[in-house]
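Below is one structure, written out as structure tokens; the observations come after it.
The values are calculated or read from the model by the stated rules, or taken from the named source; none is laboratory data. Because the structure is a prediction, the values reported are computed rather than measured. Methodologically, a virtual Cβ is constructed for each residue, glycine included, from the backbone with ideal geometry; neighbour enumeration extends over all protein chains shown.
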Amino acid sequence: MDHSRDRERDRNSQEKEFVEKLVKLNRTAKVVKGGRRFSFSALTVVGDRKGNVGYGFGKANDVSEAIRKSMDKAKRGMIRLPIKHGTIPHEIQGTFKSSVVLLKPACSGTGIIAGGPVRAIMEAGGITDVLSKSIGASSQYNVVKATFECIKQMMDARLVAKNRGKSLKELWG
């Protein structure tokens, strides 16, 4: 009995450590014999403000159920976002279909200069200063995918140093 309470408390503390942002909520209607039947789709971004971010897409007949599904998918598919002094390590461009996202590192105090979906991802990931430009198609789903393409391509300094067989200090000077 006592163990189940501990597990419940652990799950609640785990849920609180994540920043959850709803990027897009869409209502679709299917016309049936009795009228219209509505369903909802939700696109969410989840992060821990320490460099882990994920996105999820969920569909259901109820708004809260669609959001819950997308949050669960986002938590399952989290990836590492390299952070260097509150910004990204280097300039990068990511593409998904015809959406292109350009991310540039910014000096301290600049803030997050980004539009809707990119801003949500950067805030959830713990980035405080970054410049971004969304080029091409502005579909929020594709912009999120293009941003995650950027994150996947980013190089972490520790990993680069390890691959080259050098210390972090040798790499940065």
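Is it true that some residue in region 46-60 is assigned to a loop (DSSP other than H, G, I, E, B) and closer than 21 Å to Gly116 by Cβ?
Checking region 46-60: at least one residue is assigned to a loop (DSSP other than H, G, I, E, B) and closer than 21 Å to Gly116 by Cβ.
For the subset of region 86-136 comprising residues that are loosely packed, with under 15 Cβ neighbours inside 10 Å and in contact (Cβ under 8 Å) with a residue 40 or more places away in the chain, which member is nearest to Gly47 (Cα to Cα)?
His90
How many residues does region 44-62 hold that are over 24 Å from Ile88 (Cα atoms) and surrounded by 14 or more Cβ atoms within 10 Å (Cβ to Cβ)? Even if it seems obvious, please write down each step before you answer.
Step one: of region 44-62, the residues over 24 Å from Ile88 (Cα atoms) are 57-62.
Filter once more, so that each one left must be surrounded by 14 or more Cβ atoms within 10 Å (Cβ to Cβ): 57-60.
Total satisfying the criteria: 4.
Only one of Val130, Val101 is within 16 Å of Tyr55 (Cβ to Cβ) and in the same structural domain as Ala157 (by TED's automatic domain parsing). Can you tell me which?
Val101
Of the residues Glu91, Glu65, only one is modelled with pLDDT of 95 or more and of a type in the set (Asp, Glu); which?
Glu65 is the lone residue from the list that is modelled with pLDDT of 95 or more and of a type in the set (Asp, Glu).
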